[in-house]
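Participant: This is the structure I have questions about; it appears just below.
No value in this document is a laboratory result; all are computed from the given coordinates. If you're wondering where the values come from, they're calculated on a predicted model, not measured in any experiment. In this analysis, Cβ positions are derived from the backbone assuming ideal geometry, glycine residues included, and neighbour counts consider all displayed protein chains.
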Amino acid sequence: MQFASDPRRSSQAAVSVAAEPSLRIHRTPPPLPPPASAAGDVGGTREAHRSITMNTRRTGAMVALAALLFTSACGGAEGAADNADGTTKVSVTTFGCEIWNTWAIGKGVYGKHRLDVELVRSGGGSAAVAAVLSGAADFGYVNGYTAINAYNTGFPIQMVSGVNVNALPPAKPAQGVFVGKDSPIKTAADLAGKKIAVNEINGINQIVTASWLKANGVAPDSVSFVALPFAEQVPAVLSGRVDAAQLGYSLLGNNNDNVRSLADPFASSDKIYIATYIAAKSFVGKGDAAKRFHEAITETAQQLSDPANTDEAFRLLSECQKVPAETLAAQPQNALEAAVDVAALDRMAQQMVDLKMLQKKPDLGPFVTDFARS
């Protein structure tokens, strides 16, 4: 059984696991400034008119600014510290409902690896990078593309663990490019000149969707990507504000019968790291906390893959997401994978080069810690 908690999910997702005494959530830091590539205002949304190119210098400046904002909001962090009971206190950014975190905390996996985990809410991948750089968090939860871009920008970070990868055939598609049930749009070619909702301009969903469009003969710059929170995407499709939306099946809510998917762009690619953890190089070098964190994620992924734990895993996810466990169990899921495949990251970097988001592929060898490699 495969489980997912989508890092592309809105950061406003509720965390309702207060019954676990060791689970602590800090308040959300200030949001990042609007991405430089986002322009125009469409019904309260930000639209990227025919553009996917990311200016990495501007992105770096945004992350630096976010680091200052995050430090101001959270007061900074002293980094890992040993408790009297021999555990190490570490802070980890969260988007809300990550099944591996609720499982690892609730089932004592982090504790087994002598970690006292404190979750710090972040508003997105760039905010997580900022939290790590500022010292407001020890581990940042980011997708692989954001991690690669931050490393390429020159930030002193390393990848310490994978956690979530895309579902590949023969697994059922876990994501989709959704249109209205009666929409005349039938194929990727029909999306030329249309508006597609994604959760973040130049984020993972836009990158993967743009690559899927390109592979199907559609120029990505012929499409307008519109940034919308996940909760607003399907209503925007149904109201006609946008023509399509790229999101996970698990985010459709009760709209399964109102939309249909053209394809899963993630299934049309090779392995993609939807979620990873990064840390500052200085933190990784201070001791073995980063290695123990990776080992805890590895053990958690193994436990969640055991069919004997399926019902309990969905029960925990249900408590967090406020969605019936049986509904979650029926939805296709992405896969859990703690080991980092550097070759897969290299292919992701090449996608960014092909989409003109990077000038050239960086050497990712020093980026991934030895203990996290597959």
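Participant: Please work out whether the range 227-374 counts as rounded, prolate or oblate from its C-alpha gyration tensor, where a ≥ b ≥ c are the square roots of the eigenvalues and a/c under 1.5 means rounded, while otherwise a/b larger than b/c means prolate and anything else oblate? Let's see the in-between values first.
Facilitator: Working: a/c = 2.34, a/b = 1.28, b/c = 1.82.
It is oblate, given that a/c is not under 1.5 and a/b is not larger than b/c.
Participant: So who's got an amide H within less than 5 Å of the one on residue 157, skipping anything under 5 residues away but keeping other chains? H placed 1.01 Å off N, in plane.
Facilitator: So residue 157 has HN proximity to 281.
Participant: Another question, then. Can you list the HN-Hα couplings for the range 118-124, worked out from phi with the Karplus curve (6.51, -1.76, 1.60; θ = phi - 60°), rounded to whole Hz and with x for Gly and Pro?
Facilitator: These are the phi-based 3J(HN,Hα) values: 10, 8, 10, 5, 10, x, x Hz.
Participant: Can you give me the long-range amide H partners of residue 143? Hydrogens built in the peptide plane at 1.01 Å from N, cutoff under 5 Å, separation of 5 or more residues or another chain.
Facilitator: HN-HN under 5 Å from residue 143: 276.
Participant: When the convex hull of the C-alpha atoms of the range 175-261 is computed, what volume per residue in Å³ does it have?
Facilitator: Convex hull volume per residue, Cα atoms: 78 Å³.
Participant: Ordered by residue, what ³J(HN,Hα) values in Hz, to whole numbers, does the range 305-316 give under the Karplus form 6.51 cos²θ - 1.76 cosθ + 1.60, where θ = phi - 60° and Gly and Pro are x?
Facilitator: Karplus-based 3J(HN,Hα) across the range 305-316 equals 7, 7, x, 5, 9, 4, 4, 5, 5, 6, 5, 5 Hz.
Participant: Just want the ordering: 341, 288, 363, from fewest to most Cβ atoms lying within 10 Å of their own Cβ.
Facilitator: In order of increasing Cβ crowding within 10 Å: 363, 288, 341.
Participant: Right, something else. Going by average Cβ density within 10 Å per residue, which order do the peptides 91-104, 262-275 take, highest to lowest?
Facilitator: For the peptides 91-104, 262-275, the packing ranking is 91-104, 262-275.
Participant: Please state, to two decimals, what the Cα-based radius of gyration of the range 123-222 comes to when divided by 2.2 N^0.38 Å (N = residues).
Facilitator: That works out to 1.31 for the range 123-222.
Participant: Oh, and also: For the range 175-261, what relative contact order do you get, as a whole percent, if you take Cα pairs closer than 8 Å and at least 6 residues apart?
Facilitator: Across the range 175-261, relative contact order equals 48 percent.
Participant: Over the range 284-342, what per residue volume does the convex hull of the Cα atoms give, in whole Å³?
Facilitator: Dividing the Cα hull volume of the range 284-342 by its residues yields 110 Å³.
Participant: I would also like to ask the following. Can you list residues whose amide H is under 5 Å from residue 121's amide H, if they're 5+ apart or on another chain and H is modeled 1.01 Å from N?
Facilitator: Result for residue 121 returns 26, 94.
Participant: Shifting gears a bit: Along the positive direction of the dipole of the range 175-261 (beta-carbon charges: Lys, Arg +1; Asp, Glu -1; about the Cα centre), which of 204, 261, 185 reaches farthest?
Facilitator: Sorting the options by dipole projection puts first 185.
Participant: Find the centroid of the Cα atoms in the range 103-172 and in the range 296-323, then give the distance between the two in whole Å.
Facilitator: After rounding, the separation between the Cα centres reads 18 Å.
Participant: Mind ordering 113-123, 143-153 by average Cβ neighbours within 10 Å, highest first?
Facilitator: 143-153, 113-123
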